[in-house]
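The values are calculated or read from the model by the stated rules, or taken from the named source; none is laboratory data. In this text, all values refer to a predicted model and were calculated from it rather than measured experimentally. No Cβ is skipped: glycine too gets one built from the backbone with ideal geometry, and neighbour counts run over all protein chains shown. To get the accessible areas, we keep the full protein, side chains included, count just its heavy atoms, and leave off ligands, DNA and RNA. Shrake-Rupley method; radii C 1.70, N 1.55, O 1.52, S 1.80 Å.
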Amino acid sequence: MRAIPEYYYLLRELHLLLRPAHYLEIGVQYGESLCLAEPETQTIGIDPEPEIRHELTANTTVFPEKSDDFFAARKKEDVLGNGVIDLAFIDGMHLFESVLDDFIHVERWAGPHTIVLIHDTVPADALSVKRERQTRFWTGDVYKFVLCLKEFRPDLKIYNLNIGPSGLCFVGNLNPASTVLSDRRSEIVNRFMDIEYSTIAPNRDSLLCIRENSNEELSRFLAGILGRPTQEFQAQMQTLRYDVQKEFSGKLQAECEKSAETIRELQAALKKHRETIVRRDQALLQFNETKQALEKWRAECVRQKELLAALRDTVARRDASLEKLKLERETTVRKTEHLQQLLAEQKSVIDRRETEYRQQKELLAALRDTVSRRDASLEKLKLERETTVRKTEHLQQLLAEQKSVIDRRETEYRQQKELLAALRDTVSRRDASLEKLKLEREALVQKTECMHRLLEERNSVIDKRNAEIAAGKMEIEKCRTAVIWRDEALEKQKRRIEELSISLEKHRAAIDKRDAALVKHKAVIAKRDEALLRHQAAIAKRDGWLAQNRRIIDDKCVELRLLTEQLMQIRNSRSYRAGQCITYFPRKLRIVWRKFRNRQKKQIAL
């Protein structure tokens, strides 16, 4: 049970005082304020999501829709007939524009003596007046509506009452024909939307016309709107206030008794729930242990998977290296074949060059023979010439005859000399070419020796690589057997993992169900704790009331003792008459004693 807000007392007093024919409430929620209306009042409640928890009167109708949709879909005559709204209470969305729209709709259905009550018009602090809710106690920016009415509707009468917990604004002197607020709605919203609470906080009371809860001022305000005498109205309010307090105190007593029973039930249910929570915690601990074991096994499986992946990577790298070695071997084989072809071609060229060289050498020997023969013939000719010179004197006759022969010989000699020079040139060229061929042959021999050495080195490298390939194949065979064994073990582990994952999913589903149930139980426990706190607050309040009653009873007991002492003194007195002693004082004592017994019975019941 929670404490009854202070403005509920005032709202109940207004229902008893005004006796409205039609009462409209925007923002019903649990129906706590809607149930305060009188049975003969036609009551209309508007809320998009009502959660009625209190008993309503037979003339009460709750429309589960938004206020804009309600007023847009209906006419006043269809709902109220020829009447008007006598009392309205706006406690819907805690936003300025929503309150503005609700007031515009209510004023169209109002009369000259209609009173509109607007909740949450006295802001408490800067956090609770934010447009977005950030605190549990939230009033929104409804306070801006008071500033709006002061500026744009000075014809209305406003009484902003500072009553717990967040104020209540009375608006009267309504004009259903006025269209100021509806015509200038966008201007009004833009004008007041950006106003911050910090700008009006220093002069809050004066700007918002906040007044303290005074019975006299409120009576004068309501009497002025309704056109009644102020003193009579004030006296009625005073008497009704006492009746309302008495009515709510009776409700509080009944709710206290109900709350005590609910507290006992809640304590028993809480005890059972704690036992179930303990059992669930034990089951959760066992599940956590199994979960940890499963996590360890999963980590081991992951580690084995990583080892298997590493082995597969090494096998793949070795396969790649073998492929590279095979490719290199093929390239070296192709290169050796090409080199062998080149060597064969070079050998054939060298053979041709050697045959040509032999032929040229034989020709050179033949030329040398001819040259030597010619030299010998020239020597002979020289000798013969010398002999002929010596014999010229003797052979002048023969000289003339032989002159022609000598001329022919000389021409032949010159021709042979030219041929000899040409032969010498050809021999020198042949010698130079032979030198070049020798050098080329030596270079080719060196190249062939280098190629042989390279071939031997390549063959040794190939042999080594073949040995490495054979060893790698052996290792690959071993790795393949190991991989096959690991694959079989991995398949077994996969099957085991699938079985464990299925069991884990089942456990997770069970845990999710238990968590959902636990969340529901926690929410129930939180609600019960809140109810328990409210009941404790009500019990504390009731304890204070009982303490006050005990003090009153003690005072009455003292008075009773004084009266008994006076009675004893009167009985012992001779001057007092016996009739008066029997009639007056025993009657008074009986009245006091009856009151004392009734209060004692109430105290025992509580």
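Side notes on the structure shown:
- The alpha carbon centroids of the stretch 443-488 and the stretch 69-118 are separated by 100 Å.
- Whole-percent carbon and sulfur share, accessible surface of the chain, 1.4 Å: 53
- Percent RCO, i.e. relative contact order, over the stretch 6-228, from Cα pairs under 8 Å lying at least 6 residues apart: 16
- Ranked by how many other beta carbons lie within 10 Å on average, peptides 25-38, 438-451 from highest: 25-38, 438-451
- Heavy-atom accessible area, probed at 1.4 angstrom with all protein chains present, ranks 521, 22 as 521, 22, highest first.
- Rounded to the nearest 500, the 222 nm mean residue ellipticity of the chain from helices alone is -27000 deg cm²/dmol, with -39,500 (n - 2.57) taken per DSSP H run of at least 4 residues.
- Long-range HN-HN contacts of residue 65 with modeled amide H, under 5 Å: 47
- Along the axis of the charge dipole computed for the chain (Cβ charges of +1 for Lys and Arg, -1 for Asp and Glu, origin at the Cα centre), the listed residues 413, 297, 394 are led at the positive end by 297.
- Each residue of the stretch 172-186 is assigned a 3J(HN,Hα), and the resulting list reads x, 6, 6, 10, x, 7, 6, 10, 5, 5, 6, 5, 10, 4, 4 Hz, derived from the Karplus form 6.51 cos²θ - 1.76 cosθ + 1.60 (θ = phi - 60°), x at Gly and Pro.
- Global geometry of the stretch 6-228, whether rounded, prolate or oblate, following the gyration tensor of its Cα atoms and the 1.5 cut on a/c: rounded
- Percent antiparallel among DSSP beta bridges (both partners in the stretch 6-228, rounded to 5): 30
- Accessible area per residue, Å², the stretch 1-142 with all protein chains present, probe 1.4 Å: 44
- Karplus 3J(HN,Hα) series, Hz, for the stretch 369-381 with 6.51 cos²θ - 1.76 cosθ + 1.60 (x for Gly, Pro): 4, 5, 5, 5, 5, 5, 4, 4, 5, 5, 4, 4, 4
- 22 Å Cα-Cα reach of residue 473 towards lysines, excluding residues that sit fewer than 8 places from it in its own chain: 324, 326, 464
- 28 Å Cα-Cα reach of residue 296 towards lysines, excluding residues that sit fewer than 8 places from it in its own chain: 305, 492, 494, 506, 513
- Assigned charges on the beta-carbon of Lys, Arg, Asp, Glu; the chain dipole about Cα centre (debye): 2700
- Residue among 544, 437, 248 farthest towards the positive dipole end of the chain, charges placed on Cβ: 544
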